[in-house]
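Colleague: Below you'll find the structure I mean.
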Amino acid sequence: MRATVNGTGIGQPVRRKEDLRLLTGRGRYGDDIVLPDMAHAVFVRSPHAHARIVSIDKRAALASPAVLAALTGADYLADGLGPIPHNPGLSAPPDVQARTRGMAPIATTHFPLPTDKVRHVGEPVAIIVAENIAAAKDAAELLDIDYAPLPAVARAPDALKPEAPLLWEDAPGNLCIDIELGDEAATAAAFASAAHVVKLTTWAQRVTGVPMEPRTNVAAYDPAIGQYTLYTGSGRGVAKVRFDLAQILGVSPDQVRVICYDMGGNFGTRNLFYPEYALLAWAARRISRPVKWTCERTESFLSDWQARDLYAEAELALDEQGHFLAVRGSNLSNLGGHAIAFGPLQKGLGLMSSVYRIPVGYYRGRGAVTNTVSTTPYRSSGRPEAMFVVERLVDLAADKLGVDRAALRRRNLIPPAAQPYANPLGLTYDSGHYQEAMDKALALADWDGFSARRAQARRHGKMRGIGIANYIEITSGAPRERGEITVLPEGKVELVMGTMSSGQGHETSFAQLVSEWLGVPFDSIVYVAHDTARVAAGGGSHSGRSMKLATSIIGQATDQIIDKGRKIASFLLETGEIDLEFVQGRFRVAGTDREVGLFEVAQAAATRPDLPAELRGLLGAISDQTLPVASFPYGTQVCEVEVDPETGVVEIVGYAAVDDVGRAINPMILHGQTHGGIAQGVGQALLEESHYDRQTGQLLAASFMDYAMPRALTFPFMQTELSEVPAPTNRLGVRSGGEGGTTPALAAVINAIVDALSELGVRHIEMPATPERIWRAIHQSARVGRPAAQVQ
């Protein structure tokens, strides 16, 4: 039996227990780590996008007595260390299974320090270690590196041209992956018979996560026991970093300890292995002292993994009544200098039909390496780009047919009765009430009252528009998770998990599950994570996996504790197990007042020598499961904007969102996740771009002067609601709630802007929809007297 304790169980808006510590300055972040006799490191990074490394002269840098080491790629290879094991192959089920087109995916070899050539601006070529940071920086300036510059390519379409410079000998034509989904012939037949076809060619531009805390790492080596210790922040989890680092260093995982305290933001940017992890551990062993590196903001822009950067060509076929017949297209992903992640491409392709009933579809997906920072999964990996393309196509179709945008969507949504629904690209959605979510969002946004608000805005010289975007995403990620729960006699419950919190509130929401199922006080639960001395396994936090898997892992472990506790209580109360009920954390003989609490049972287990041997010891349980099962969050966003036609400035004046998360463990945290997700999506739609010069590959947005970010004043009060249609794939029906805010936001904002400008004949605006871009679209339409081009 389950019981909520003091309103802190499942479904309660419990305030985050970690916030008091963080808000009162008691958080512990990477830069707070100070070890005895610690040295400091600086990375020397390439100023060229593409160049051969001719030579590196270290003599002047090493002349300073404060310099402890100057290490290069040649030193790295001489010490016998290995490449980073990114292993970017295609994901197994439940992710969509694509067919390869004549070539297996190519994973380029990534050594932390290159010896042959550099492939993007900011790639590390050497590490300087000194007594202090100033000495390390001075020595870095003295390192004499002779480069032979090579032609560079920064855009994926350019990289696939025959005349493009080649980045890797083992990636002919710069193509690393070529896959397809769906039925090409059936899709072609549907398009041939269609009454209407709309097309879109667009680019979801490159962005980066920009976490508040730049990456900071400290490494130490204990020669007495041959153990490396790395203090870092990685959303993929300390267990994965430990395993990868051990593989690179050529040692057993038992010789590596990875610790992460608090993390100041992630969003996927920290999820994959970075060169600095291995280089700092190696340097610490070389000098027999701890080594610390703190990334500076411009360095972060130059070296943090980036994201999105998808070129898309898409078509939607419709019949005379506006029913969707088929979808097809091609997605081209810019992989950056090293092919380290194919997940965004694969995940996005599987959802290119979204929540709509489309009989057939066909998509091709390719990925090309370029002279830019590598791209990796970023909040809602691959799905925002996919939803952007689909929802723009639907708006273009509504415009072409002259029908209401909401009505066209409603006509084509997959009904609940059709679930589970096999989409035309190879995914089967488990459940969903898509129209119900859309109707709620339209009501929240007062869609029906928009015409009056538009008229009022026009009287004030503003152009007002409203946009809608539906979405669906798939939550999968690493399928293995491990949890360990121990009921301590002193009145505490210890929970050890292998996930990795970077602001999601695991310390609170996981404790709510334990409080609910064990009936113990919420404040008695101690969350232990982020240290491989305690965490044996786990997949970290990505792809909306943490809460979905936590419900199964914690649920199984609490069941085991209750079963064992019942045996002990049976012994203590001298009754049969069948006569005991478990309520509010106490075992009670049914129909009597004879009972014993869970902590009393734990005390007996730890101290009573007369208990059967199998019941003695700490009262605890371990759940270690591999659950390759997906769930499918979905929802709708409505954005309302005003555009100043004189300046092109956009003001968001209304925003509504409905997200179906399955079961909401903590609604307050989920609303916060939605708000943050919307902010990131709006940032890409209006402001953000990791802009590279197309000819030179130089990053032109390497500071906050050039990389624009949304601020609090960017947003109105956001109206968000949660829908709770349980997913059938896990214990509580959890879908996920951390990424849905971002997934439809790109489309909702751009659809609203295009609607505002539609009376001028503007049919599409590319992202980021800056004031200049909007102003040019307005004046282009006025100049030519016809609709603006779909792609600028």
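The values are calculated or read from the model by the stated rules, or taken from the named source; none is laboratory data. Because the structure is predicted, anything quoted here is derived from the model rather than measured. Methodologically, a virtual Cβ is constructed for each residue, glycine included, from the backbone with ideal geometry; neighbour enumeration extends over all protein chains shown. Just so you know, the surface numbers come from the protein's heavy atoms only, side chains and all, with ligands and any DNA or RNA stripped out. Shrake-Rupley method; radii C 1.70, N 1.55, O 1.52, S 1.80 Å.
Colleague: Using θ = phi - 60° and the Karplus curve 6.51 cos²θ - 1.76 cosθ + 1.60, what whole-Hz ³J(HN,Hα) does each residue of the range 231-238 get, with Gly and Pro shown as x?
Modeller: For the range 231-238, the Karplus-derived couplings read 9, 7, x, 9, x, 6, x, 5 Hz, x marking Gly and Pro.
Colleague: Just the accessible area per residue of the chain, please: how many Å² with a 1.4 Å probe?
Modeller: Numbers: 28590 Å² over 792 residues.
Each residue of the chain exposes 36 Å² on average to a 1.4 Å probe.
Colleague: How much length, in nm to one decimal, is gained on full extension between MET668 and VAL34, taken as 0.36 nm per residue of separation minus their Cα-Cα distance?
Modeller: 224.7 nm
Colleague: Quick check for me: using +1 on Lys/Arg Cβ and -1 on Asp/Glu Cβ, what's the dipole size of the chain about its Cα centre, in debye to the nearest 20?
Modeller: 660 debye
Colleague: How many angstrom lie between the C-alpha centres of the range 763-777 and the range 436-460?
Modeller: 23 Å
Colleague: Check each of the GluC sites (Glu not before Pro) in the range 270-304 and keep only those in coil by DSSP with at most 16 other C-beta atoms within 10 angstrom; list them in order.
Modeller: Numbers: sites: GLU276, GLU296, GLU299; in loops: GLU296.
For GluC sites (Glu not before Pro) across the range 270-304 that sit outside H, G, I, E and B with at most 16 neighbouring Cβ atoms in 10 Å, the list reads GLU296.
Colleague: Jot down the per residue volume, in cubic angstrom and as a whole number, of the convex hull over the alpha-carbon atoms of the range 502-644. Don't skip to the end; give the middle numbers.
Modeller: Details: hull volume 28.4 nm³, N = 143.
Here the figure is 199 Å³ per residue.
Colleague: Normalised by the number of residues in the range 474-522, what is the relative contact order in percent for Cα pairs under 8 Å and 6+ residues apart?
Modeller: Reported as a whole number, the value is 22 percent.
Colleague: For the range 153-250, run through the GluC sites (Glu not before Pro) and keep only the ones in DSSP coil with at most 16 other Cβ atoms within 10 Å of their Cβ.
Modeller: GLU163, GLU169
Colleague: Hey, another quick one. Might you report the magnitude of the Cβ-based charge dipole of the range 574-729 about its Cα centre, with Lys and Arg at +1 and Asp and Glu at -1, to the nearest 20 debye?
Modeller: 440 debye
Colleague: Just check the range 520-559 against the gyration tensor rule for me: Cα atoms, a ≥ b ≥ c as the square roots of the eigenvalues, rounded for a/c under 1.5, and otherwise prolate or oblate depending on whether a/b exceeds b/c.
Modeller: Taking the square roots of the gyration eigenvalues as a ≥ b ≥ c, the range 520-559 is oblate.
Colleague: What pairs from LYS347/LYS400; LYS117/LYS137; LYS199/LYS400 go past 18 Å between their alpha carbons?
Modeller: Going by Cα-Cα distance, LYS347/LYS400; LYS117/LYS137 fall outside the 18 Å limit.
Colleague: Moving on to the next point. Given a Förster distance of 51 angstrom, what is the FRET efficiency for ILE225 paired with HIS460, based on the Cβ-Cβ distance and rounded to 0.05?
Modeller: Here the calculated transfer efficiency is 0.10.
Colleague: Hey, if you put +1 on the Cβ of every Lys and Arg and -1 on every Asp and Glu Cβ in the chain, which of LEU20, ILE468, ILE774 ends up farthest toward the positive end of that dipole?
Modeller: So the residue we want is ILE774.
Colleague: Still on this structure, I have one more. Over what distance in Å are the Cα centres of the range 10-82 and the range 624-676 separated?
Modeller: 35 Å
Colleague: If I take every Cα pair under 8 Å that is 6 or more residues apart in the range 203-261, average their sequence separation and divide by the length, what percent do I get for the relative contact order?
Modeller: With pairs under 8 Å counted, the relative contact order is 31 percent.
Colleague: If you don't mind, another one. Could you list which residues have their amide H under 5 Å from that of VAL583, counting only those 5 or more apart in sequence or on another chain, with H placed in the peptide plane?
Modeller: Excluding prolines and chain starts, which carry no amide H, the hits are ARG588.
Colleague: Let me ask you something else. Of ALA278, THR232, GLN321, which is farthest on the positive side of the dipole of the chain, counting Cα position, with +1 on Lys and Arg Cβ, -1 on Asp and Glu Cβ, and the Cα centre as origin?
Modeller: GLN321
Colleague: Here's another thing I want to ask about it. How would you classify the range 21-65 from its alpha-carbon gyration tensor, with a ≥ b ≥ c the square roots of the eigenvalues: rounded for a/c under 1.5, else prolate if a/b is greater than b/c, otherwise oblate?
Modeller: Oblate is the answer for the range 21-65, as a/c is 1.5 or above yet b/c matches or exceeds a/b.
Colleague: How far is it, in nm, from the label point at LYS400 to the one at VAL528 when both lie 7 Å from their Cα along the line to the Cβ?
Modeller: Here the modelled spin labels are 6.1 nm apart.
Colleague: Out of every Cα pair in the range 557-712, what percent are spaced more than 22 Å from each other? Can you show the working numbers first?
Modeller: Working: 8156 of 12090 pairs.
Cα-Cα pairs in the range 557-712 separated by more than 22 Å: 67 percent.
Colleague: Residue separation times 0.36 nm, minus the C-alpha to C-alpha distance between MET709 and GLU436: what's the value? List each step's numbers first, then the result.
Modeller: Details: separation 273, 0.36 × 273 = 98.28 nm, distance 3.32 nm.
So the chain would gain 95.0 nm between MET709 and GLU436.
Colleague: Summarise the accessible area of the chain (1.4 Å probe, protein heavy atoms) by the percent that is carbon and sulfur.
Modeller: 52 percent
Colleague: Here's another thing I want to ask about it. Given the rule -39500 (n - 2.57) for each run of at least 4 DSSP H residues, summed and divided by the residues of the chain, what is its mean residue ellipticity at 222 nm, to the nearest 500 deg cm²/dmol? Before the final figure, lay out each step's value.
Modeller: Details: 20 runs with 225 residues, N = 792.
Counting only the DSSP helices, I get -8500 deg cm²/dmol.
Colleague: Nothing charged except the Cβ atoms of Lys and Arg (+1) and of Asp and Glu (-1): what's the magnitude of the dipole of the range 587-669 about its Cα centre? Round to the nearest 20 debye.
Modeller: Rounded to the nearest 20 debye, it is 920 debye.
Colleague: Separate question: Could you tell me which of rounded, prolate or oblate describes the chain, using a ≥ b ≥ c as the square roots of the eigenvalues of the alpha-carbon gyration tensor, with rounded for a/c under 1.5 and, failing that, prolate when a/b is larger than b/c and oblate otherwise? Write down the numbers at each step before the final one.
Modeller: On the way: a/c = 1.87, a/b = 1.12, b/c = 1.67.
Note, shape of the chain comes out oblate.
Colleague: Pairs of Cα atoms under 8 Å, at least six residues apart: use those to get the relative contact order of the range 79-134, whole percent.
Modeller: Here the relative contact order equals 33 percent.
Colleague: Convert each backbone phi in the range 12-21 into a coupling constant with the Karplus relation 6.51 cos²θ - 1.76 cosθ + 1.60 (shift: θ = phi - 60°), then list the ³J(HN,Hα) values in order as whole Hz, x for Gly and Pro.
Modeller: For the range 12-21, the Karplus-derived couplings read 8, x, 6, 5, 5, 6, 6, 5, 4, 5 Hz, x marking Gly and Pro.
Colleague: Another question about this same structure. When the gyration tensor of the range 153-245 is built from Cα positions, what are the square roots of 5 times its three eigenvalues, in whole Å, from largest to smallest? Could you put the intermediate results ahead of the total?
Modeller: Numbers: eigenvalues 412, 78, 57 Å².
Listed largest to smallest, the semi-axes of the range 153-245 are 45, 20, 17 Å.
Colleague: Compute the signed sum of charges (Lys and Arg +1, Asp and Glu -1) over the other residues within less than 10 Å, Cβ to Cβ, of ALA195.
Modeller: That sum, taken over residues with Cβ under 10 Å, equals -2.
Colleague: Another question, then. In a shell of Cβ-Cβ distance under 11 Å around GLY226, excluding GLY226 itself, what net charge do Lys and Arg (+1) and Asp and Glu (-1) give?
Modeller: -1
Colleague: Same structure, new question: Would you kindly derive the ³J(HN,Hα) couplings of the range 472-484 from the backbone phi angles with the Karplus curve 6.51 cos²θ - 1.76 cosθ + 1.60 (θ = phi - 60°), listing them in order in whole Hz, with x for Gly and Pro?
Modeller: 9, 9, 10, 10, 9, x, 4, x, 8, 9, 9, x, 9
Colleague: Per 0.36 nm of contour for each residue apart, how much would the distance between ASN87 and ILE622 grow if the chain were fully extended, relative to their Cα-Cα spacing? Walk me through the numbers before you get to the answer.
Modeller: Details: separation 535, 0.36 × 535 = 192.60 nm, distance 2.90 nm.
Additional length available on full extension: 189.7 nm.
Colleague: Another question about this same structure. Return the whole-Å distance between the Cα centroid of the range 328-367 and the Cα centroid of the range 499-535.
Modeller: Using only Cα atoms, the two centres lie 36 Å from each other.
Colleague: If I take R0 = 41 Å and measure r between the Cβ atoms of ALA134 and ARG694 in this structure, what FRET efficiency does the formula 1/(1 + (r/R0)^6) give, to the nearest 0.05?
Modeller: 0.65
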